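What follows is a single structure, written as structure tokens, with notes after it.
The values are calculated or read from the model by the stated rules, or taken from the named source; none is laboratory data. On a predicted model such as this, the values are computed, not experimentally measured, just so you know. Every residue, glycine as well, gets a Cβ built from its backbone with ideal geometry; the counts of neighbours run over all protein chains shown.
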Amino acid sequence: MPEDSFRNKVARLLSFADVEIWGDRPWDIQVHNQKTYSKILAQGSLGLGESYMDGWWDCERLDEFFHKILKAELDTRIKTWADYFKTWADYFEVIRARLYNLQKPSRAFQIGEHHYDMGNDLYRRMLDKRLTYSCGYWKNASTLDEAQEAKLDLVCRKLDLQPGMRLLDIGCGWGGTAKFAAENYRVEVLGITVSKKQVALGKELCKGLPVEIRLQDYRSLNGTFDRILSIGMIEHVGYKNYVTFMSVVNRCLRENGLFLLQTIGGNRTVSKCDTWIDRYIFPNSMLPSPGQICAAIEGLFVLEDWHSFGADYDRTLMQWFQNFNDNWGVLKETYDGRFYRMWKYYLLSCAGSFRARENQLWQIVLSPEGLPGGYHSPR
């Protein structure tokens, strides 16, 4: 089939989102390689992302491009064309996700090695001063530092942290949340992560505080805690392990304790991640749906509060990209131009997905048996 035919099909799809090829608006795209069209039609999101990484097409405002195509649900429309070109590899990926536990214990540390061990220099230049790699809370904030501190304080208040309590942080990152809680709420914290570089820097940043940071998979946790939190980690757990994850939390939480879960969520139940994100950014990861979370907590927890503020992630991601872009002059000594395009695509496509309300951000508070008199959540 000639490339002109492929181009016409892609142009027709983009027209549903008010996006033009070689248009003059910020969200329009400029295609430099004619193979882009057949690659997108054959491989969907993977082809779109790889062709961008290779410099085959450009867009002044990737965030707005993705906002428009996701709002128009082109990710579902393109399947109509992609099915014509479907390869056995595509089917294998779906079957693999359903038949195998891609997040089993032997694979638990792969995400740490691939993503979080990429380089502390990258994250230090991209994130806030506390190295908080999750959504900020922008209700009364005007800077990234303020938004992340407001989020951390909101978490601590929702957990009703009191001096002397023992807190478990599952997926503690570089220890920013643990450090904040120990300093401001005078609690003792155990944080676990699957990233060696996070452990090394986290121990350095939390030195002198009652904070322990371990390289550990959540399934091997033991002990009892007054409060437990997990921010941005269940996205790496996988739907086959949601009940196991919740069972571990239930086992480790005191009878009158509280558990706060912060997660990115999807509007629909899925069994695998976006193909491009899975290959290049977060291998073996996926976003839980409300139904999957509720099914996993059934019989284990009482749902006390569910707070949604996904629009704040759009602003957080845009700030991360600005920091990354502003510091590229230094970072390019370590990372190449293809990495720049990959990372730009990752941050701005995710910003667009939250702007389109395709992705959500939830803070969920759970208790083992329900709080007497009810739970009153701060906002």
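Somewhere in the range 317-335, is a residue in the same structural domain as ASP145 (by TED's automatic domain parsing) and in contact with a strand residue (DSSP E or B) (Cβ under 6 Å, 6 or more places away or on another chain)? Steps first, please.
At the first step, the residues of the range 317-335 found to be in the same structural domain as ASP145 (by TED's automatic domain parsing) are 317-335.
Filter once more, so that each one left must be in contact with a strand residue (DSSP E or B) (Cβ under 6 Å, 6 or more places away or on another chain): none.
The answer is no, given that none of the residues of the range 317-335 is in the same structural domain as ASP145 (by TED's automatic domain parsing) and in contact with a strand residue (DSSP E or B) (Cβ under 6 Å, 6 or more places away or on another chain).
Does ARG130 satisfy the condition of being of a type in the set (Lys, Arg), in a loop (DSSP other than H, G, I, E, B) and under 22 Å from PRO210 (Cβ atoms)? Full working, then the answer.
Details: of a type in the set (Lys, Arg): yes; in a loop (DSSP other than H, G, I, E, B): yes; under 22 Å from PRO210 (Cβ atoms): yes.
The answer is yes for ARG130.
(1) surrounded by fewer than 18 Cβ atoms within 10 Å (Cβ to Cβ); (2) touching a Lys or Arg at 6+ places or on another chain (Cβ under 6 Å): which one isn't true of GLU188, the others all being true?
(1)
Kindly establish whether ARG61 is modelled with pLDDT of 90 or more, surrounded by 14 or more Cβ atoms within 10 Å (Cβ to Cβ), more than 21 Å from TRP276 (Cα to Cα) and of a type in the set (Lys, Arg).
Judged against the criteria, ARG61 is not a match.
Among the residues of the range 342-379, count how many are over 30 Å from ARG157 (Cβ atoms) and assigned to a helix (DSSP H, G or I).
Here is the first cut: in the range 342-379, the residues over 30 Å from ARG157 (Cβ atoms) are 342-346, 348-349, 352, 356.
If we keep only those that are assigned to a helix (DSSP H, G or I) too, we end up with 342-346, 348-349, 352.
Number of matching residues: 8.
For the range 285-308, enumerate the residues that are outside any helix (DSSP H, G or I) and surrounded by 19 or more Cβ atoms within 10 Å (Cβ to Cβ). Even if it seems obvious, please write down each step before you answer.
Quick first cut of the range 285-308, residues outside any helix (DSSP H, G or I) only: 285-289, 298-308.
Matches in the range 285-308: SER285, MET286, LEU287, PRO288, PHE301, GLU304.
Assess whether GLY257 counts as being touching a Ser or Thr at 6+ places or on another chain (Cβ under 8 Å) and under 27 Å from ARG166 (Cα atoms). Give the steps one after another, and end with the answer.
Details: touching a Ser or Thr at 6+ places or on another chain (Cβ under 8 Å): yes; under 27 Å from ARG166 (Cα atoms): yes.
Criteria met by GLY257.
Suppose the filter is under 26 Å from LYS272 (Cα atoms), small (Gly, Ala, Ser) and not assigned by TED's automatic domain parsing to the domain that holds ILE281; does GLY55 pass it? Break it down into steps so the answer makes sense when it comes.
On the way: under 26 Å from LYS272 (Cα atoms): no; small (Gly, Ala, Ser): yes; not assigned by TED's automatic domain parsing to the domain that holds ILE281: yes.
When the stated conditions are applied, GLY55 does not pass them.
From the residues in the range 132-151 that are hydrophobic (A, V, I, L, M, F, W, C) and surrounded by fewer than 21 Cβ atoms within 10 Å (Cβ to Cβ), which one is nearest to GLY202 (Cα to Cα)?
So the first thing to find is which residues in the range 132-151 are hydrophobic (A, V, I, L, M, F, W, C), and the list is 135, 138, 141, 144, 147, 150.
Now narrow it down to the ones that are surrounded by fewer than 21 Cβ atoms within 10 Å (Cβ to Cβ): 141, 150.
Details: ALA141: 25, ALA150: 21 Å.
Restricting to residues being hydrophobic (A, V, I, L, M, F, W, C) and surrounded by fewer than 21 Cβ atoms within 10 Å (Cβ to Cβ), the top hit is ALA150.
Any residue at all in the range 264-271 that's under 13 Å from the mean Cα position of the chain (by Cα) and outside any strand (DSSP E or B)? Spell out the reasoning first.
From the range 264-271, those under 13 Å from the mean Cα position of the chain (by Cα) are 264-266; that's our starting set.
If we keep only those that are outside any strand (DSSP E or B) as well, we get none.
No, every residue in the range 264-271 fails to be under 13 Å from the mean Cα position of the chain (by Cα) and outside any strand (DSSP E or B).
Which one of these is assigned to a helix (DSSP H, G or I) and either over 30 Å from LEU371 (Cα atoms) or not assigned by TED's automatic domain parsing to the domain that holds LEU229 (or both): PHE282, PHE339? Steps first, answer last, please.
Details: PHE282 fails: assigned to a helix (DSSP H, G or I).
Selected residue: PHE339, the only one of PHE282, PHE339 that is assigned to a helix (DSSP H, G or I) and either over 30 Å from LEU371 (Cα atoms) or not assigned by TED's automatic domain parsing to the domain that holds LEU229 (or both).
Output the qualifying pairs, or none if there are none: Cβ atoms under 7 angstrom, residues six or more apart or on different chains, first residue in the range 318-339 and under 22 Å from TRP138 (Cα atoms) and surrounded by 16 or more Cβ atoms within 10 Å (Cβ to Cβ), second residue modelled with pLDDT of 95 or more and of a type in the set (Gly, Ala, Ser).
From the range 318-339, the pairs are MET318/ALA351.
Return the residue satisfying two criteria in turn: it lies in the range 191-231 and is closer than 19 Å to SER367 by Cα and surrounded by fewer than 21 Cβ atoms within 10 Å (Cβ to Cβ), and of such residues it is nearest to the chain's Cα centre (by Cα).
It comes out as LEU221.
So which residues in the range 246-263 are assigned to a strand (DSSP E or B) and within 20 Å of the chain's Cα centre (by Cα)? I'd like the intermediate steps shown before the answer.
Pass one, the range 246-263, residues assigned to a strand (DSSP E or B): 253-263.
Of everything in the range 246-263, those that are assigned to a strand (DSSP E or B) and within 20 Å of the chain's Cα centre (by Cα) turn out to be PHE259, LEU260, LEU261, GLN262, THR263.
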